[in-house]
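The structure under discussion appears below in the form of structure tokens.
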Amino acid sequence: MSDTDEILYFTDADGIARLTLNRPQARNALTFAMYERLSEICRSIDADRSVRALVVTGTGDKAFAAGTDIAQFRAFATGEDALRYERFIDRVLGSLETCRVPVIAAIAGACTGGGAAIAAACDLRIATRDARFGFPIARTLGNCLSLATLRRLSALVGAGRVKEMIFTARLVEAEEARAIGLVGEVVADAAALAERATALARLVAGHAPLTLAATKEGLRRLRDGDESGAGADGLPGDDLVLSCYTSRDFREGMEAFLAKRPPDWEGR
């Protein structure tokens, strides 16, 4: 179903959710309302146990997303406007990172600015061979990235690469992006991208949801120096261990393995 003309969202019978940024006339540049809707969808997925994976993509083959619609900045009048915007973006990107299910970015064409930040916040990234990534803000707007976005990017490609990308304002081509770890796979074209994204989504959707969620959250905490979730002995991450080992799925996994049958995962 379509929730708005600018964000298309639906879930299929296999539990694969698909979110499409749909402003092809603006190279899928995001309005503030689109960012908010993206965050709302992530929250709704957290409450919907039927969803097992989320694919995020853009309409057409020209752009995944060309960043924030620059017209949105015309109303900025004070420093507080800038701070409010960056906090808002951090919250939106955080909703992708903490979304309960694996999030796959399927990227064709330009993936720049806010679009590249969205892709970096996803768990897995696939790109067409004509995709381009970057943050050309040093030659365009003259703004900067938040510390949260810089931390996310440097965790993917290293601080040196982030400096080089921003200082030179160049766009990284798909094969280089794969070589440096910015994307995991490169495919031929938009048709191959859609096919591979679906196949990957179905693959991860068939695996133990609690294992994937614990891994995703554990890596986020390690990156951010977050020692929350300590158990009785005060060890960071005890809650993640317990969420898996005390679950119905762990028992089901053991019994299925011993019986040499596929497990029936329920995510609980």
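The values are calculated or read from the model by the stated rules, or taken from the named source; none is laboratory data. Quick caveat, the model's predicted, so the values are computed rather than measured. Heads up, the Cβs are rebuilt from the backbone with ideal geometry, glycines too, and the neighbour counts pull from every protein chain shown.
Given the criteria surrounded by 14 or more Cβ atoms within 10 Å (Cβ to Cβ) and either over 22 Å from Asp48 (Cβ atoms) or of a type in the set (A, V, I, L, M) (or both), does Arg261 qualify?
no
Each row is one residue, and each column tells you yes or no for (1) within 22 Å of Ala131 (Cα to Cα); (2) touching an Asp or Glu at 6+ places or on another chain (Cβ under 9 Å); (3) surrounded by 14 or more Cβ atoms within 10 Å (Cβ to Cβ).
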position: Glu6; (1), (2), (3): yes, no, yes
position: Ala26; (1), (2), (3): yes, yes, yes
position: Ile41; (1), (2), (3): no, yes, yes
position: Arg49; (1), (2), (3): no, yes, yes
position: Gly60; (1), (2), (3): yes, no, yes
position: Thr68; (1), (2), (3): yes, no, yes
position: Ala71; (1), (2), (3): no, no, no
position: Leu83; (1), (2), (3): no, no, no
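What number of residues within the stretch 100-120 are surrounded by fewer than 24 Cβ atoms within 10 Å (Cβ to Cβ) and either farther than 19 Å from Ala29 by Cβ or of a type in the set (S, T, N, Q) (or both)?
2
When you go through (1) surrounded by 14 or more Cβ atoms within 10 Å (Cβ to Cβ); (2) assigned to a helix (DSSP H, G or I) one by one for Gly229, which number turns out not to apply?
(2)
Please go through the stretch 234-268 and give me each residue that is closer than 24 Å to Gly15 by Cα, within 26 Å of the chain's Cα centre (by Cα), of a type in the set (A, V, I, L, M, F, W, C) and assigned to a helix (DSSP H, G or I), ordered by number.
Matches in the stretch 234-268: Leu240, Cys244.
Being hydroxyl-bearing (Ser, Thr, Tyr) and at pLDDT below 95 is the filter here, so list the residues in the stretch 32-67 that pass it.
Scanning the stretch 32-67 gives a single hit, Ser50.
Checking the conditions here, which among Ile70, Ile104 is at pLDDT below 95, among the β-branched types (Val, Ile, Thr) and either on the phi > 0 side of the Ramachandran plot or in the same structural domain as Glu185 (by TED's automatic domain parsing) (or both)?
Criteria check complete, one pass: Ile70.
Examine the stretch 156-167 for a residue that is in contact (Cβ under 8 Å) with a residue 60 or more places away in the chain and under 30 Å from Arg74 (Cβ atoms), and state whether such a residue exists.
No, that holds for no residue.
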